[in-house]
């Protein structure tokens, strides 16, 4: 009885969460410009999405920016976390506390203050993409740092010492012994960085060149305009992103389950 | 050996410099701008004008209203979801949790667009209920960020405590009120941190849902577009102050594991 009630409640919220996305997904395959009467099946929106240069560039730009800035953030954040782990209280205090600022700060404030510094005080040219990339790294690197630190704490420290005793140079020991142990944290940090970059609006809109758009800024501008063709093409985009996310989650679950099984059945005590 | 330690710790220098240049320096710059005027003279005028103008005070009140309402809505929806997922015996808990958290990874402007289309069909004209629409939009946007930390805290709750409560004669309701709920407070606080501040500042949600009232974030945006960096910096500083008070309070009570859980699922 209780379980039935629980199921109904969960399903109800789930429907509320996904209804808008699913309705748009259905309408993205029609030639209607508004939610209402469905006239006929059409893939015109998807054709527009990939044929129209401005839309294609916007999507490509978003992806390149996300992967590129995530890569820089991952390198910086991981090096930072490893360095701080081995350094004294001072490094920990400075990097650790500064790292928290972008995590808790409101995105608008981060974006505004960075923009004032770069464009106002240092005279950086927005059209050079420098401010945009720095902005995204400021947003992402702290989260990479946060996801690497716990892995460093779990790491078996004696392995590093053992590698040195066996004649490895410190750099080699770091690469061959430390890095593999913290690698899951590095990967999830990278994934997190990509999603943060893809989802960001504020940092992008304050630091981007005038001619460049990411999905977020493009969508916000498009809602102000009234071009039907673009509006419905964005429905197609949202459907594709939804499908990609679902695919990723399924993939993650499949690989995750396998890992759990391999990790052994000894973890049943949680039940 | 000493030389080695020194070398390894040097790895944090690039990131340390990066943080000083692009996290610390911007803070210094906005503090400078907030307390100076157009000619570079030190002044408190930006501060006093914020607190003496009915417009800006009204904006502060409106954003607090939106933030409180959004946080309450998220909490009322998220707590039961997290509780059911964590404490009952559904078969594929991890998968169901994923389903609730997944919207987090879809670009929020696209999700709000979708919501806008649906609300337009239901309401006809979005202009009639600006506050309600904003509340729905914000809740829709931030719900996963509330579910995740509460779930994390409830999930690791020690079962023996609940059994002890039952053995000592507490019924289900009493056990919940006296044991489960108090122990989940750290997760709730982490969730509130994740939702409250963004809903004070995320003015894009309001823009997209045709709510033309300003919140604190829109003030920064407006001052920025008008090149009024002094007043803009003051708003940013006031928001920073609110954030500081918030984190000081939450550092004491929030759940370490559940905090900063933007990608909690990814991190596991």
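The values are calculated or read from the model by the stated rules, or taken from the named source; none is laboratory data. Every value quoted in this text rests on a predicted model; they were computed, and no experiment measured them. With ideal geometry, Cβ positions are generated from the backbone for all residues, glycine too; neighbour counts draw on all protein chains shown.
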- [ ] Give the residue that is nearest to residue A:65 (Cα to Cα), with candidates limited to residues of the stretch A:118-139 that are facing chain B (nearest Cβ under 7 Å) and surrounded by fewer than 24 Cβ atoms within 10 Å (Cβ to Cβ).
- [x] A:134
Open item on the list: Consider the stretch A:82-116. How many of its residues are more than 7 Å from chain B (Cβ to nearest Cβ) and closer than 13 Å to residue B:13 by Cβ?
Closed with: 1
Open item on the list: out of contact with any helix residue (DSSP H, G or I) (no Cβ under 6 Å at 6 or more places or on another chain) and either on the phi < 0 side of the Ramachandran plot or free of Cβ contacts under 8 Å to residues at least 40 places away in the same chain (or both): which single residue out of A:96, A:135 fits that description?
Closed with: A:96
Open item on the list: Looking only at the stretch A:164-214, how many residues end up being crowded, with 19+ Cβ neighbours inside 10 Å and at positive phi?
Closed with: 0
- [ ] Scan the stretch B:85-114 residue by residue and report those that are at the interface with another protein chain (Cβ under 7 Å from one of its Cβ atoms), over 22 Å from residue A:248 (Cα atoms) and without any contact (Cβ under 8 Å) to a residue 40 or more places away in the chain.
- [x] B:88
- [ ] Sort out which residues of the stretch A:202-234 are within 8 Å of another protein chain (Cβ to nearest Cβ) and farther than 25 Å from residue B:200 by Cα, and write them in order of number.
- [x] A:234
Task: Count of residues meeting criterion [touching a helix residue (DSSP H, G or I) at 6+ places or on another chain (Cβ under 6 Å), at pLDDT below 90 and at the interface with chain A (Cβ under 10 Å from one of its Cβ atoms)] in the stretch B:121-149 - done: 0
- [ ] Go over the candidates B:30, B:66, B:57 one by one and state the one that is over 30 Å from residue A:122 (Cβ atoms) and buried (at least 18 other Cβ atoms within 10 Å of the Cβ).
- [x] B:66
Task: Residues that are over 22 Å from residue B:140 (Cα atoms) and either assigned to a helix (DSSP H, G or I) or at the interface with another protein chain (Cβ under 8 Å from one of its Cβ atoms) (or both), drawn from the stretch A:10-47 - done: A:36, A:44, A:45, A:46, A:47
Task: the stretch A:153-163 - residue that is assigned to a helix (DSSP H, G or I) and within 26 Å of the chain's Cα centre (by Cα) and, of those, nearest to residue A:86 (Cα to Cα) - done: A:153
Task: Which listed residue, of B:182, B:186, is farther than 23 Å from residue B:61 by Cα, in a helix (DSSP H, G or I), free of Cβ contacts under 8 Å to residues at least 60 places away in the same chain and more than 10 Å from chain A (Cβ to nearest Cβ) - done: B:182
TODO: Could you check residue A:150 against (1) within 21 Å of residue A:182 (Cα to Cα); (2) within 11 Å of another protein chain (Cβ to nearest Cβ); (3) more than 28 Å from the chain's Cα centre (by Cα) and say which number it fails?
DONE: (3)
TODO: Determine, yes or no, whether residue B:205 is away from every other protein chain (no Cβ under 11 Å) and either under 19 Å from residue B:101 (Cα atoms) or out of contact with any strand residue (DSSP E or B) (no Cβ under 6 Å at 6 or more places or on another chain) (or both).
DONE: no
- [ ] For residue A:21, indicate whether it is farther than 17 Å from residue A:231 by Cα, crowded, with 16+ Cβ neighbours inside 10 Å and in contact (Cβ under 8 Å) with a residue 12 or more places away in the chain.
- [x] no
Task: Enumerated helices (runs of 4 or more DSSP H) restricted to the stretch B:216-268, each holding at least 2 residues that are modelled with pLDDT of 75 or more - done: B:216-225, B:229-253
